[in-house]
Amino acid sequence: MKVGVIGAGSWGCALAILLQNNGCQVSLWGHRREQIEKMQASGECDKLPGVMLPKEMSLTWDLSSCLLGKDLLVLAVPSTATRETAEKIKPYVEKNQILCSVSKGIEEDSLLTQCGILEDVLGKDAKVGVLSGPSHAEEVVKGLPTVVVAGSRDIAVAEFLQNAFMNENFRVYTSTDVTGIEIGASLKNVIALAAGMSDGLGYGDNTKAALITRGIKEISSLALAMGGLPQTLSGLAGTGDLIVTCSSRHSRNRKAGMLIGQGLRPKDAMDQVHMVVEGVYSAKAALALGKKYQVSLPIIEQVNEVLFHDVDPRLAVRSLMERDKKSEIA
Ligand SMILES: NC(=O)C1=CN([C@@H]2O[C@H](COP(=O)(O)OP(=O)(O)OC[C@H]3O[C@@H](n4cnc5c(N)ncnc54)[C@H](OP(=O)(O)O)[C@@H]3O)[C@@H](O)[C@H]2O)C=CC1
Ligand SMILES: O=C(CO)COP(=O)(O)O
């Protein structure tokens, strides 16, 4: 199988390595020529120091050569670059090519998820799918057992992705619930910012467990209102990814939240993380979706207050604790 991986950050590199090792012929595209030339010279992934790229894999900054004649295109750019990337690839995308989004986020203006953006730009006939779940690049490149879900409204596309990505260390389930998967993937990043803030404030395991539990309640309520399925929200792309992102030392969203909890301004926290912090870009969109579908998202609301209205994280926690009395089963 011939594969083009679009986006040479940590996730693009990790999946390109995995697919090449699975027997695919992979071409990895990055948008900065100097970054690709550096990786070509060193043989090392730029964003994952010490991780070597297979010699047989090709690296390019020429988009057309990454796309033409490929069976599968994997889109691994930051979610804020998905629309511009989809516009760039549009002239080259071939009729039967399968496109797989591995990015996580909601577009602020359109409130579309990643597959939604791809279909918006490339048309409803495009064969679009998504790969998601608890899967930090740092662990995938080490071959540590990882389990994810491949989703597409077309089950044949989901099964194609399962076959392409699955190996003895990387187990892939299929699903047709793209909405549940993508809302889970995007909102867990916002909740992970809150979990990080809690760590940064020096709060304990009780607080973290509460944020994860009430967080999945918020994510599920919105996803279900949008047509997602409960099994997805209790599955890998919902609860699974929320747990890993709220607790892992590899999580960029948790790390950024922790720095904010320790007193850094959000912009400075993002700069210190050096990698994409998707929750910051999806926070406003998540809140807007909550309003649109009339779903209450109190944690996400407070994350927005801290990120965009200079509210002290300690006061944000206080606001959550002092909300009106409620029943858990309501
Ligand atoms: N890392 C992980 O473990 C996982 C990541 N993901 C998701 O994958 C997506 C990519 O994240 P990840 O690889 O980790 O991010 P990184 O921060 O590691 O890398 C992002 C890459 O995208 C490049 N980039 C920035 N802007 C553009 C653009 N406009 N067009 C093309 N490329 C661009 C960056 O280049 P530059 O250096 O120039 O900024 C960089 O090479 C995110 O949505 C993330 O949520 C999903 C699962 C796991
Ligand atoms: O989505 C991811 C892991 O599944 C990566 O995002 P974080 O680095 O914020 O956890």
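The values are calculated or read from the model by the stated rules, or taken from the named source; none is laboratory data. The model shown is predicted, which means the values in this text are computed figures rather than measured ones. Cβ: placed from backbone, ideal geometry, glycine included. Neighbour counts: every protein chain shown.
Within the range 79-100, residues that are under 20 Å from Ser10 (Cα atoms) sit with their Cβ atoms under 6 Å from residues that are within 15 Å of ligand 1 (Cβ to nearest atom) and in a loop (DSSP other than H, G, I, E, B), at 6+ positions apart or across chains, in these pairs: Ser79/Ser103; Ser79/Gly105; Thr82/Ser103; Thr85/Val77. Picking from residues in the range 190-243 that are over 17 Å from Gly290 (Cα atoms) and among the charged types (D, E, K, R), the one that is nearest to the chain's Cα centre (by Cα) is Asp241.
Between Leu161, Leu118, the distinction of being buried (at least 19 other Cβ atoms within 10 Å of the Cβ) and touching a residue at least 60 places away in the same chain (Cβ under 8 Å) belongs to Leu161 only.
In the range 139-152, of all residues being surrounded by fewer than 17 Cβ atoms within 10 Å (Cβ to Cβ) and not aliphatic (A, V, I, L, M), the one that is nearest to ligand 1 (Cβ to nearest atom) corresponds to Lys142.
Between Ala330, Ala286, the distinction of being within 23 Å of Thr207 (Cα to Cα) and touching a residue at least 40 places away in the same chain (Cβ under 8 Å) belongs to Ala286 only.
Can you confirm whether Pro49 is assigned by TED's automatic domain parsing to the domain that holds Ser132 and either at positive phi or free of Cβ contacts under 8 Å to residues at least 40 places away in the same chain (or both)? Answer is yes for this residue. Going through (1) surrounded by fewer than 18 Cβ atoms within 10 Å (Cβ to Cβ); (2) touching a residue at least 60 places away in the same chain (Cβ under 8 Å); (3) within 14 Å of ligand 1 (Cβ to nearest atom); (4) not aliphatic (A, V, I, L, M) one by one, Glu108 falls short only on (3). Counting only helices (runs of 4 or more DSSP H) that sit wholly inside the range 56-143, those with at least 2 residues that are more than 16 Å from ligand 2 (Cβ to nearest atom) are 63-67, 82-89, 114-122. Based on what the data block shows, is Gly215 among the small types (Gly, Ala, Ser), closer than 30 Å to Ile155 by Cβ and touching a residue at least 40 places away in the same chain (Cβ under 8 Å)? The answer is yes for Gly215. Go through the range 279-330 and count every residue that is of a type in the set (Phe, Trp, Tyr) and part of a loop (DSSP other than H, G, I, E, B). Looking only at that region, the number is 1.
The selection criterion, being in contact with a Phe, Trp or Tyr (Cβ under 7 Å, 6 or more places away or on another chain) and either outside the structural domain of Asp241 (by TED's automatic domain parsing) or closer than 25 Å to Ala225 by Cβ (or both), does not hold for Val157. Tally time: how many residues in the range 260-278 are part of a helix (DSSP H, G or I), within 16 Å of ligand 1 (Cβ to nearest atom) and either in contact with a strand residue (DSSP E or B) (Cβ under 7 Å, 6 or more places away or on another chain) or touching a residue at least 12 places away in the same chain (Cβ under 8 Å) (or both)? So the count comes out to 5.
Evaluation of Val172 against the conditions (1) away from ligand 1 (no atom under 16 Å from the Cβ); (2) assigned to a strand (DSSP E or B) shows that the sole unmet condition is (1). Quick check: is even one residue across the range 305-326 within 19 Å of Arg214 (Cα to Cα) and within 16 Å of ligand 2 (Cβ to nearest atom)? For the range 305-326, residues within 19 Å of Arg214 (Cα to Cα) and within 16 Å of ligand 2 (Cβ to nearest atom): absent. Select from the range 129-158 the residues that are of a type in the set (Val, Ile, Thr) and in contact (Cβ under 8 Å) with a residue 40 or more places away in the chain and list them in ascending order. Within the range 129-158, Val130, Val140, Val141, Val147, Val148, Val149, Val157 qualify.
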